[in-house]
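Reading through the structure tokens given below for one structure.
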Ligand code: SF4
């Protein structure tokens, strides 16, 4: 058993999740920074807003009496103020959330689906590892079919290809089959900002591929293989902190100009 397995906080039982697999695939060194060195990624407005909306909908669906006023109460209770650059920016996000929830509420009122679970935890054995995750929502329709969904709060709707390749949805499908005992008839990402669901499907082969990807990542983590993937440095939150980064922080243009002028003066 690798040192990392002994070091983690899971009572010697290594747990892997979609977020961990995703972080490792992005860059093994990034995985190390987050999960071994406990370096936190900075909270930004999008992350903060995403947490608020997820929490709001979880609270809203956890109780009876689902009125618009109650949804707004849940929104206010769940609001997270961290990560916004200015109070104006926070207010703009707040209004955006209200509009998003208004569209959500109207669709919800028209749907005949029963919402079975929101933020449903799962815990599955994959080989010698435990795989954990949370499914945003599971619905059951009057005809007995099931729909599972992942909420996204960013403004852009992904294209079909990106939804078809999404690894998280494959793990959801796996969890439904092996833990909850049903085959999801419909799988989708619910893009709340546009009130649009994009549907996809997963075959047994897709699930097996996802398991192989997770197992490979878990094995490499156990071996403490932190070989950096520098092709992602530009998109990485640690690009100016990481010793393996290819990105160099440059002074702002005005400061750079002043520095150049000082050098010229010194030379003359
Ligand atoms: S900055 Fe580059 S090397 Fe460092 S963790 Fe991020 S992607 Fe990996």
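One table, with the values for the structure above:
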{"read-out": "Some residue of the range 35-50 being at pLDDT 95 or above, more than 16 Å from the ligand (Cβ to nearest atom) and under 30 Å from residue 125 (Cα atoms)", "value": "yes"}
{"read-out": "Single condition residue 118 does not satisfy, out of (1) at pLDDT below 95; (2) loosely packed, with under 12 Cβ neighbours inside 10 Å; (3) farther than 30 Å from residue 238 by Cβ", "value": "(2)"}
{"read-out": "Set 66, 55: member being in contact with a helix residue (DSSP H, G or I) (Cβ under 7 Å, 6 or more places away or on another chain) and surrounded by fewer than 17 Cβ atoms within 10 Å (Cβ to Cβ)", "value": "66"}
{"read-out": "Pair list, Cβ under 7 Å, 6 or more apart: the range 214-242 residue closer than 13 Å to residue 32 by Cα, other residue outside any loop (DSSP other than H, G, I, E, B) and within 6 Å of the ligand (Cβ to nearest atom)", "value": "226/29; 228/29; 238/30; 238/33; 242/29; 242/33"}
{"read-out": "Test result for residue 31, at pLDDT 95 or above, part of a helix (DSSP H, G or I), away from the ligand (no atom under 16 Å from the Cβ) and surrounded by 15 or more Cβ atoms within 10 Å (Cβ to Cβ)", "value": "no"}
{"read-out": "Residue 104 within 19 Å of residue 74 (Cβ to Cβ), under 19 Å from the mean Cα position of the chain (by Cα) and at pLDDT 95 or above", "value": "no"}
{"read-out": "Condition check for residue 63: assigned to a helix (DSSP H, G or I) and at negative phi", "value": "no"}
{"read-out": "Residue 217 being in a helix (DSSP H, G or I), within 22 Å of residue 134 (Cβ to Cβ) and either at pLDDT below 95 or within 16 Å of the ligand (Cβ to nearest atom) (or both)", "value": "yes"}
{"read-out": "Among the residues listed as 91, 84, the single one being loosely packed, with under 12 Cβ neighbours inside 10 Å and over 26 Å from residue 209 (Cβ atoms)", "value": "91"}
{"read-out": "Unique residue being at pLDDT 95 or above and either surrounded by 14 or more Cβ atoms within 10 Å (Cβ to Cβ) or over 20 Å from residue 58 (Cβ atoms) (or both) when the list is 196, 156, 128, 177", "value": "196"}
{"read-out": "Number of the exception - residue 202 against (1) touching a helix residue (DSSP H, G or I) at 6+ places or on another chain (Cβ under 8 Å); (2) assigned to a helix (DSSP H, G or I); (3) away from the ligand (no atom under 15 Å from the Cβ)", "value": "(2)"}
{"read-out": "Subset of the range 224-241 that is in contact with a helix residue (DSSP H, G or I) (Cβ under 7 Å, 6 or more places away or on another chain) and more than 8 Å from the ligand (Cβ to nearest atom) - its residue that is nearest to residue 31 (Cα to Cα)", "value": "226"}
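The values are calculated or read from the model by the stated rules, or taken from the named source; none is laboratory data. The structure displayed is predicted, hence computed values, not measured ones. Glycine also receives a Cβ, built like all others from the backbone with ideal geometry; neighbour counts cover every protein chain displayed.
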